[in-house]
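Have a look at the structure below before the remarks.
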Amino acid sequence: GNSVTQMEGPVTLSEEAFLTINCTYTATGYPSLFWYVQYPGEGLQLLLKATKADDKGSNKGFEATYRKETTSFHLEKGSVQVSDSAVYFCALSGNTGNQFYFGTGTSLTVIP
Amino acid sequence: EAQVTQNPRYLITVTGKKLTVTCSQNMNHEYMSWYRQDPGLGLRQIYYSMNVEVTDKGDVPEGYKVSRKEKRNFPLILESPSPNQTSLYFCASSSRPPGQADTDTQYFGPGTRLTVL
């Protein structure tokens, strides 16, 4: 079946530090992969996505590369800001079903 | 403005008292979905709808019902709520369902925090 495994949080970083949040997946076929972000008190917003192997999604300084050989889609940012404090969710949509699958979420706090 | 709206945003109720959470989208999206978010479990899909009059179970459908009589609306019904349904609920929509080429983004509502006593 389809599933997403995300690194456990919470993660606390100082401003301008490098961020990596690990995400691995299990899926049949060729899924599309997503990172969503949830700011306090809000719904989820799409951060970036990749629809095929070796694609790199990027947005607002965040990047993630779809690695089929390692079934991973790790989120990275070179220099985090206080405003990046949020919960980040890795997700996939399979090409053999009609559902979305989310990881458990990783809480990030960036301190000045 | 493109958006997904949910009502109510907050609800406290008692065990067994039927309730409905409404969801509406103004983007003419075909695919709509309900999720619940619980600490340590992330988001889990309850039900989804591919189009009007087409609904199907997600991973955690027990205790919930849905209907899709109009394209824009997708209400979530709890016929007899229980305390284990206390959770944060999100409605979402997208123009195309997952599994198609260039799967479209899901747009999420602001959430409904439900407490069942």
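Bear in mind these aren't lab numbers, they're just calculated from the coordinates by the rules spelled out. Here the structure is a predicted model, which is why all the values come from computation and not from measurement. Cβ coordinates were reconstructed from backbone atoms using ideal geometry, including for glycine residues, and neighbour counts include every protein chain displayed.
Quick look at the values:
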{"quantity": "Calculated FRET value between residue A:5 and residue A:79, using beta carbons and R₀ = 41 Å, to 0.05", "calculated": "0.95"}
{"quantity": "Value of relative contact order over chain B, rounded to a whole percent, pairs C-alpha under 8 Å and six or more apart", "calculated": "35 percent"}
{"quantity": "Residue of B:11, B:78, B:88 that the Gaussian network model of chain B assigns the largest fluctuation, springs spanning Cα pairs under 10 Å", "calculated": "B:11"}
{"quantity": "Stokes-Einstein D (µm²/s) once Rh is taken as the Kirkwood radius of chain A over alpha-carbon pairs, at 10 °C in 1.306 mPa s", "calculated": "113 µm²/s"}
{"quantity": "Span from the the range A:12-80 Cα centroid across to the the range B:52-86 one, whole angstrom", "calculated": "30 Å"}
{"quantity": "Average partner coverage of A:98-108, which counts Cβ from other chains inside 10 Å", "calculated": "6"}
{"quantity": "Kirkwood Rh, angstrom, the protein assembly as shown [1 / mean 1/r, Cα pairs]", "calculated": "18.0 Å"}
{"quantity": "Estimated distance in nm for a label pair at residue B:59 and residue B:105, the labels positioned 7 Å out from Cα along Cα-to-Cβ", "calculated": "2.4 nm"}
{"quantity": "Over chain A, relative contact order from alpha-carbon pairs under 8 Å, at least 6 apart, %", "calculated": "37 percent"}
{"quantity": "Mean projected area in nm² (Cα convex hull; one quarter of hull surface) for chain B", "calculated": "7.1 nm²"}
